[in-house]
Structures are given as C-alpha cells and as structure tokens.
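S.K.: Supplied in structure tokens, the structure appears directly below.
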Amino acid sequence: MRIETLVPTVARVEEIRQETPDIRSLRLVFEDEDFKSDFAFKPGQFCLISVLGVGEAVFCIASPPQWEDFIEVSVKEVGKVTSAIHDLEIGAKVGFRGPYGNWFPFEENFGRSIVFVGGGIGLAPLRPLIWQTLSKRDRFRDVYLIYGARSVADLVYKDDLKEWSSRDDIRFTKTVDPGGEDETWDGEVGLVPQILEKVSPPSDSVLITCGPPIMIKFVLLSANKLGFRPGDVITTLEMKMKCGVGTCGRCNIGNKYVCRHGPVFTLEEMEKLPNEF
Amino acid sequence: MKTIEDILRLIEDWQGKGYTVVAPVRSEGLVSFEVLRAPSQIDFDHVLTVNTLKDVTLPRCETLFKYDVEKASIEPSWEASQPIVVFGSRPCDAAAVTILDSILMGEVTDSRYARRRENMIVVTLACSQADEACFCTSMGYGPHDPTGSDIIGLPSKGGYVFRVVSQKGKDFASKVGLELDEGRADPEPELKRRITTDGIKAWLDENFESPKWEKVSENCVSCGACYYLCPTCHCFDIADEAGASRGVRMRIWDCCSFAGFTKMAAHQPRVGKHRRYRQRIMHKFKYTVDNIGKTACVGDGRCIRYCPYGVDITEVLEALRE
C-alpha cells in the first residue's frame with residue numbers, strides 16, 4: 001500500500017440524524033468523483049474525519065458497503081473534534097481519510113450462526129456487518145442480535161432496530177440498563193452480558209461484539225462461560241490514533257498497532273496482548 | 001587516500017553540480033547537520049552531531065496541506081524534490097536510516113519520507129574516535145560499519161579512503177566522477193562502553209508487568225529530549241494551525257513520554273511515567289524487533305549524552321535483565 005500520506009479528500013454532509021441526546025449520525029458524500037468511484041471498504045474498517053481548523057478524529061464506517069452512494073459515521077460528543085462535528089450543518093464540508101485497518105471476517109463464516117452483541121454507540125461498527133449479513137442471509141444459519149444501552153433514549157439507529165424487530169430472520173433482543181426503561185418499553189431490562197447469558201446462543205456460533213470497554217470485558221467473560229471458542233469471539237478496539245496507518249506510534253497494544261493490525265481482534269489474539277487497554 | 005583539502009574540493013564540485021549538501025557544521029559550540037553554504041563550514045573533529053538525519057528525512061515540523069474553510073479546499077503541500085547528499089554522517093546515523101526505512105517504507109509507505117529518501121545519498125565518514133556514551137558495538141554495529149551508507153569514507157593517515165557500499169553510491173560516484181581509493185583504513189577506535197544485549201528481548205517478552213519499570217524510570221522527567229535526539233524515534237502528531245478561515249495541517253514530532261500522547265477524551269491507557277517509559281523501551285527493544293526484525297537502537301548514545309537527569313539506557317537495559 002502506498003499512501004499520499006495523511007491528506008484527506010473532501011466530503012459533503014448530506015444528512016444529519018440525531019440518534020440520542022449526544023450522538024449524531026452524518027451521511028457523507030465524496031466530492032471527488034474519482035475517489036467516489038474507486039472507494040471500497042469492508043465492515044469493521046474505520047476512517048478519519050477532519051473539521052478543518054479544528055482537527056481530525058477516528059470513526060468506524062457505520063454504513064454497509066452495499067449502500068454505494070454515501071457512507072455514514074456516528075459521532076458521540078466527547079471532545080474537541082466531536083463537538084465541532086456536532087456543530088456542522090447539512091452542506092458542510094469535511095475532510096475524509098480511509099478506509100483504514102482490518103475488517104470483520106464475513107465469507108469465512110458462511111454456514112455458521114452469528115451472534116452480534118452491542119452496547120450504546122458500540123452498535124456503530126456492527127451495523128454495516130449486520131446489514132451485510134442480512135443481505136446474504138441464506139449463507140448463514142441463525143443470526144442473533146443482542147443490543148442494549150443505558151436508557152431507551154440512548155439506543156441508536158432506532159429505524160434499524162424497528163426493522164430488525166419486525167424481521168423473522170434475525171433474533172433480536174433489546175435491553176436497557178435497570179432504571180433506563182420507560183412506560184412504553186417492551187424489551188428486556190438488564191445489562192448486556194446478563195442478557196447474552198439469558199439468550200444463551202449456541203456456543204459453536206461466531207460472536208461479534210462492540211461497546212464500552214467495560215461491557216466488552218464482561219461480554220468476553222460471558223462468552224467464555226457460555227463455551228465460545230476464543231478464536232470465534234471477535235471485537236473491535238479503540239485507542240488514540242493520529243495517522244491511521246501504523247506509523248505515528250501511539251495506538252499500539254504491545255506490538256500490535258490497533259490502526260493497522262486491528263481494529264478487529266479475536267479474543268484469542270487479545271489474550272496474547274499485554275493488558276494495556 | 002583523500003586529504004581534507006581534496007574532500008572540500010569534491011564537495012564544492014557536488015554543490016556546483018546542483019546537489020544540496022547537508023553536513024556537520026559547528027555553531028556556538030554545537031555541531032549539527034545543516035545545509036552547507038560553503039564546504040569550509042564542515043567540522044571534521046567532532047564525535048557525533050547533536051541532531052540526526054531525521055531532520056532530512058522526517059522534519060520536526062512539516063506542512064501536509066493548506067486548507068481554506070470557505071472554499072472547502074485541501075491543497076497538498078510539497079517542497080520541490082532536489083537531490084541531497086548527506087556528507088559526514090556517522091555509521092550509527094546511517095544504520096538508523098535503515099531502521100526508519102523498514103518502518104516507513106515497509107508494509108505501508110509514507111510517501112513523504114519515501115520521496116526524501118529516494119533523493120538522498122548518504123556519504124558517511126567513519127569514526128576515528130568514540131566518546132563515553134558511544135555503544136554502537138553493543139547494538140551490533142561499529143565505528144566503521146557500512147550499514148545504511150551509500151559511500152563510506154574510512155579514516156586513513158589523517159585523511160579518508162572512500163569505498164562504495166550500495167548501488168546508489170556506485171551510481172552517484174560515477175555521475176560526479178568520484179574516484180574510489182585503494183589503501184588501508186586506520187584501526188577502529190575502541191569503545192569503552194559495552195553491554196551485552198543477550199536476554200533483553202526474552203526478558204521484555206515476559207515482563208510487561210514488573211516493579212522494575214518504576215525503578216528504572218525514577219529519574220526520568222518525561223522531557224522528551226531522548227526522543228528528539230534519537231535517530232530512530234519517529235512518532236508524530238498531526239495538528240491544525242488555524243486562521244479564521246485558512247490554515248495548514250502540520251505533522252510534528254511527538255513523544256511517548258508525554259501524557260497527551262495517548263490521552264483520549266474519555267480514556268488514558270498509559271497512566272504514569274513508568275508506563276510511558278516502558279513503552280519507549282518496549283518499542284525499541286521488543287515491538288520493533290517483533291515487527292521488522294531489528295531493534296530501534298543503534299547505540300549512538302545521544303540519549304545518554306543529553307539526558308538532563310542522567311538516565312542511561314545501557315544501565316536501564318542491564319538493570320531490567322539482571
């Protein structure tokens with residue numbers, strides 16, 4: 001891979017959706033026609049979005065590859081760049097670099113059952129893979145999704161959740177943390193790892209999870225308890241990144257650069273890394 | 001054998017042929033690699049420059065692109081590429097270039113680094129002296145080691161004998177009409193500082209968690225001097241220098257000693273200077289070995305010479321392994 005190092009292309013904000021009180025999704029369209037037609041990525045890969053004059057930050061690509069004319073990113077307001085992104089309006093221009101990093105296995109899992117486990121904005125990296133899986137649904141056995149957030153208001157992609165609830169080819173269990181439910185809530189109440197154990201999907205499935213670090217930690221423990229093989233448990237990690245290609249030196253966990261060797265790791269791979277996450 | 005006078009005439013000739021020459025120049029008591037105005041500026045008497053060839057290949061601060069917020073334009077910035085001869089690098093400087101090449105022109109190519117490297121010829125002057133801090137032989141190199149040089153001048157009876165090392169050096173020599181020398185080189189200088197690296201990698205493989213990390217980093221003040229002076233440290237930051245509507249995005253050297261290096265809005269994976277110091281040692285003596293098959297240390301000793309609190313990397317390595 002040869003890169004014109006670190007120079008973004010321009011993308012236009014075409015749509016903005018307020019997902020939760022502090023999360024917005026942006027639909028981006030590339031301005032450069034050549035870049036647009038050459039652009040290809042796989043679920044699990046990430047990008048860097050620039051607000052010119054403020055800086056650059058890392059986001060997973062939250063839309064599936066088959067939605068060809070645009071990509072989506074979901075942004076939680078936590079710092080300088082994410083606040084600036086929240087201030088953008090439709091028509092605004094941002095810088096885009098990517099796709100970077102590795103991706104979730106897909107064809108490798110044909111013929112198997114898949115269990116998606118997401119928490120909060122951690123559904124964002126799973127979302128493209130869920131849609132991709134549903135687009136080739138006949139290639140998989142059972143598909144499970146367990147998704148939870150702190151409260152009903154904190155659930156992202158409400159339209160997607162509604163569609164997945166109504167489909168009979170995905171076993172969708174939604175949950176909110178105790179106290180996060182409201183009077184209309186018809187899902188589970190409980191922490192995601194507990195609900196995973198309650199649903200108890202077959203342990204010969206592939207389990208793919210993302211969420212807050214503390215949730216990932218307990219999901220991995222639950223997966224272990226349920227008998228999943230460490231090589232079949234997959235997550236995606238986040239560290240501070242600047243370059244996205246493994247040269248700026250800050251996102252490593254042990255000898256692996258999260259931006260280049262990851263962000264997708266199996267539990268088996270993670271067990272070999274030092275505890276620096 | 002070429003005398004100093006012969007060498008100065010050669011360099012004048014290279015400059016006349018359009019080459020930019022970067023060489024060690026003494027100024028206010030310090031010798032640094034600088035773009036040479038006149039050959040007479042070259043210092044032949046020092047042991048090692050303060051700065052490294054990073055200043056040529058990976059500048060402290062460079063503009064990646066200019067932008068205009070109103071027009072939403074992004075204009076990549078690149079200086080005209082011109083052939084550069086680095087003259088008078090030491091064998092450790094040249095060896096360090098090969099390490100950065102493996103990292104920045106390996107699996108991923110950093111196009112800016114690569115373009116500078118393509119245009120750069122390394123003409124080393126091997127060492128006739130070593131100081132207290134030099135430990136290149138401990139790291140598998142040596143005062144006359146040709147690794148990374150295109151041409152090497154070996155000290156010989158007050159002058160130098162020049163030998164070609166690489167194809168690039170051969171092409172350059174024939175292009176500028178540089179005659180190579182027969183003749184014997186002086187013996188290599190002895191280094192006083194010597195450690196054995198046996199067992200260090202094995203210790204690091206097993207000891208990510210160890211009380212020794214706090215101990216060996218006790219005197220470190222996280223100033224980053226070792227990073228800035230290290231010929232192989234290459235971590236960088238990216239930042240916008242913004243005006244109201246126009247600005248530039250810069251790449252700037254950055255250092256794993258600084259807390260802000262890994263701090264995210266909601267998470268800091270490396271709390272405490274011992275964890276950051278561990279990253280420095282692990283990166284040089286384990287992670288780089290795992291990833292490219294060699295350590296990211298050439299034993300130039302700059303970090304030992306210039307640490308304001310006397311942190312000595314050879315003592316640290318020995319203390320870790322003990």
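S.K.: Determine the total buried accessible area between chain B and chain A, counting protein heavy atoms only with a 1.4 Å probe; round to the nearest 100 Å². Can you show the working numbers first?
M.R.: On the way: alone 15740 and 13210 Å², together 25290 Å².
Approximately 3700 Å² gets buried when B meets A.
S.K.: Taking all protein chains as present, what is the carbon and sulfur share of the accessible area of region B:4-176, in % to the nearest whole number, probe 1.4 Å?
M.R.: On the way: 3340 of 6800 Å².
Ligands and nucleic acids excluded, carbon and sulfur reach 49 percent.
S.K.: Does region A:107-236 come out rounded, prolate or oblate, given a ≥ b ≥ c as the square roots of the eigenvalues of its C-alpha gyration tensor, rounded meaning a/c under 1.5 and, failing that, prolate meaning a/b above b/c? Show your work: numbers first, answer last.
M.R.: On the way: a/c = 1.75, a/b = 1.24, b/c = 1.41.
It is oblate, given that a/c is not under 1.5 and a/b is not larger than b/c.
S.K.: On average, how much accessible surface per residue is there in region B:200-321, in Å², for a 1.4 Å probe, leaving out ligands, DNA and RNA?
M.R.: Details: 4910 Å² over 122 residues.
Ligands and nucleic acids excluded, the figure is 40 Å² per residue.
S.K.: Further question on the same structure: Calculate what fraction, in whole %, of the accessible area of region A:107-236 sits on carbon and sulfur atoms when a 1.4 Å probe is rolled over the protein chains. Don't jump to the answer; show the numbers that get you there.
M.R.: Numbers: 2760 of 5610 Å².
Answer for region A:107-236 is 49 percent, counting heavy atoms of protein chains only.
S.K.: What list of ³J(HN,Hα) values in whole Hz, one per residue of region A:116-121 in order, does the Karplus curve 6.51 cos²θ - 1.76 cosθ + 1.60 (θ = phi - 60°) give from phi, with Gly and Pro shown as x?
M.R.: 9, 10, x, x, x, 6
S.K.: Would you grab the residues whose amide H sits under 5 Å from the one on A:F172? Only those 5+ places off in sequence or on another chain, please, with H modelled 1.01 Å from N.
M.R.: A:L145
S.K.: Which shape class applies to region A:183-251: rounded if a/c is under 1.5, otherwise prolate when a/b exceeds b/c and oblate if not, where a ≥ b ≥ c are the square roots of the Cα gyration tensor eigenvalues? Provide the component values of the computation, followed by the final result.
M.R.: Details: a/c = 3.17, a/b = 1.62, b/c = 1.95.
Oblate.
S.K.: With no other cysteine's Cβ closer than 4.7 Å, which Cys residues of chain A count as lacking a disulfide-compatible partner?
M.R.: Cysteines lacking a close Cβ partner in chain A: A:C47, A:C60, A:C210, A:C251, A:C259.
S.K.: Then there is this: With a cut-off of 8 Å between alpha carbons and a minimum separation of six or more residues, what is the relative contact order of chain A in percent?
M.R.: With pairs under 8 Å counted, the relative contact order is 17 percent.
S.K.: Which one of A:V176, A:P201, A:L155 has its Cα pushed farthest toward the positive end of the charge dipole of region A:107-236, where Lys and Arg give +1 and Asp and Glu give -1 at the Cβ?
M.R.: A:P201
S.K.: Diagonalise the Cα gyration tensor of region A:28-140 and give the resulting equivalent ellipsoid semi-axes, square root of 5 times each eigenvalue, largest first, whole Å. Can you show the working numbers first?
M.R.: On the way: eigenvalues 149, 56, 24 Å².
Semi-axis lengths for region A:28-140 are 27, 17, 11 Å.
S.K.: For the cross-link pairs A:K36/B:K294; A:K240/B:K66; B:K66/B:K170; A:K80/B:K201; B:K192/B:K284, which exceed 31 Å when the distance is taken from alpha carbon to alpha carbon? Intermediate results must be reported in sequence, preceding the final value.
M.R.: Numbers: A:K36/B:K294 40 Å; A:K240/B:K66 24 Å; B:K66/B:K170 39 Å; A:K80/B:K201 40 Å; B:K192/B:K284 23 Å.
Among A:K36/B:K294; A:K240/B:K66; B:K66/B:K170; A:K80/B:K201; B:K192/B:K284, the Cα-Cα distance tops 31 Å for A:K36/B:K294; B:K66/B:K170; A:K80/B:K201.
S.K.: Could you name every residue in region B:102-124 that has 50 Å² or more less accessible surface in the full protein assembly than in its own chain alone (probe 1.4 Å, ligands and nucleic acids excluded)?
M.R.: Output list: B:E107, B:V108, B:T109, B:S111.
S.K.: Report, in cubic angstrom per residue, the convex hull volume of the C-alpha atoms of chain B.
M.R.: Cα-based convex hull of chain B, divided per residue, equals 161 Å³.
S.K.: Could you name the aspartates and glutamates whose alpha carbon sits less than 19 Å from that of B:K54, not counting residues in the same chain fewer than 8 places away?
M.R.: Answer for B:K54, where 19 Å is the Cα cut-off: B:E34, B:E62, B:E79, B:D93, B:D101, B:D110, B:E118, B:D150, B:D237, B:D254, B:D300, listed by chain and number.
S.K.: Report, as a whole number in µm² per second, the diffusion coefficient that Stokes-Einstein gives for chain A at 20 °C and 1.002 mPa s using the Kirkwood radius over alpha carbon pairs.
M.R.: Working: Rh = 19.2 Å.
After rounding, the answer is 112 µm²/s.
S.K.: Could I ask something else about it? Which parts of region B:231-256, residue by residue, lose 40 Å² or more of accessible area when the rest of the protein chains are there, as against the chain isolated (1.4 Å probe)?
M.R.: In region B:231-256, residues shielded by partner chains: B:F236, B:I238, B:D240, B:R249.
S.K.: Something else: Quote the relative contact order of region A:176-253 in percent (integer), defining contacts as alpha-carbon pairs under 8 Å separated by 6+ residues.
M.R.: Over region A:176-253, the number comes to 24 percent.
S.K.: I would also like to ask the following. How many percent of DSSP beta bridges within chain B run antiparallel, rounded to 5?
M.R.: Numbers: 33 of 44 bridges.
Antiparallel bridges make up about 75 percent of those DSSP assigns within chain B.
S.K.: Go through region B:150-162 residue by residue and turn each phi into a ³J(HN,Hα) via Karplus (6.51, -1.76, 1.60, θ = phi - 60°); whole Hz please, and just put x for glycine and proline.
M.R.: Listing the rounded values in order: 8, 9, 10, x, 9, x, 8, 6, x, x, 9, 9, 9 Hz.
S.K.: Let me ask another. Could you give the radius of gyration (one decimal) and Dmax (whole number) of the Cα atoms in the protein assembly as shown, in Å?
M.R.: Considering the protein assembly as shown through its Cα atoms, Rg and Dmax are 27.6, 93 Å.
S.K.: Using a 1.4 Å probe on the protein chains only, how many percent of the accessible area of region A:9-100 belongs to carbon and sulfur? Could you put the intermediate results ahead of the total?
M.R.: On the way: 1690 of 3700 Å².
After summing per-atom areas, the C and S share lands at 46 percent.
S.K.: In addition: Run the numbers on region B:145-226 and let me know its relative contact order in percent, using alpha-carbon pairs under 8 Å that are six or more apart.
M.R.: On the way: 56 pairs, mean separation 16.6, N = 82.
It comes to 20 percent, rounded to a whole number.
S.K.: Oh, and also: How far is helix A:123-135 tilted off the main Cα axis of chain A, in degrees rounded to 10, range 0 to 90?
M.R.: 80
S.K.: Quick one: accessible area per residue over region B:4-176, 1.4 Å probe, rounded to a whole number of Å²?
M.R.: Numbers: 6800 Å² over 173 residues.
Per residue, region B:4-176 has 39 Å² of solvent-accessible surface.
S.K.: Residue by residue, what Karplus-based ³J(HN,Hα) values in Hz, rounded to whole numbers, does region B:187-196 have, using 6.51, -1.76 and 1.60 with θ = phi - 60° and x for Gly and Pro?
M.R.: x, 5, x, 7, 9, 6, 8, 8, 10, 9
S.K.: Rg to Rh ratio, region B:200-321, alpha-carbon atoms and Kirkwood radius?
M.R.: Numbers: Rg = 15.8 Å, Rh = 15.7 Å.
Reported Rg/Rh (Cα atoms, Kirkwood Rh): 1.01.
S.K.: Something else: Can you give the convex hull volume of the alpha carbon atoms of region B:4-176 per residue, in Å³?
M.R.: Convex hull volume per residue, Cα atoms: 152 Å³.
S.K.: Let me ask something else. Starting from the amide H of B:S73, placed 1.01 Å from N in the peptide plane, find each other amide H under 5 Å away whose residue is 5 or more places distant or on another chain.
M.R.: B:D68
S.K.: What average count of beta carbons from other chains do you get within 10 Å of the Cβ of residues in A:6-12? Don't skip to the answer; put the middle values down first.
M.R.: Working: counts 10, 10, 6, 1, 5, 1, 1.
Average neighbour count from other chains, rounded to a whole number: 5.
The values are calculated or read from the model by the stated rules, or taken from the named source; none is laboratory data. Since this is a predicted model, take the numbers as computed values, not measurements. For neighbour counting, all protein chains shown are included, and Cβ atoms are generated from backbone atoms with ideal geometry for every residue, glycine included. The area values use the complete protein model at the heavy-atom level, side chains included, leaving out ligands, DNA and RNA. Shrake-Rupley method; radii C 1.70, N 1.55, O 1.52, S 1.80 Å.
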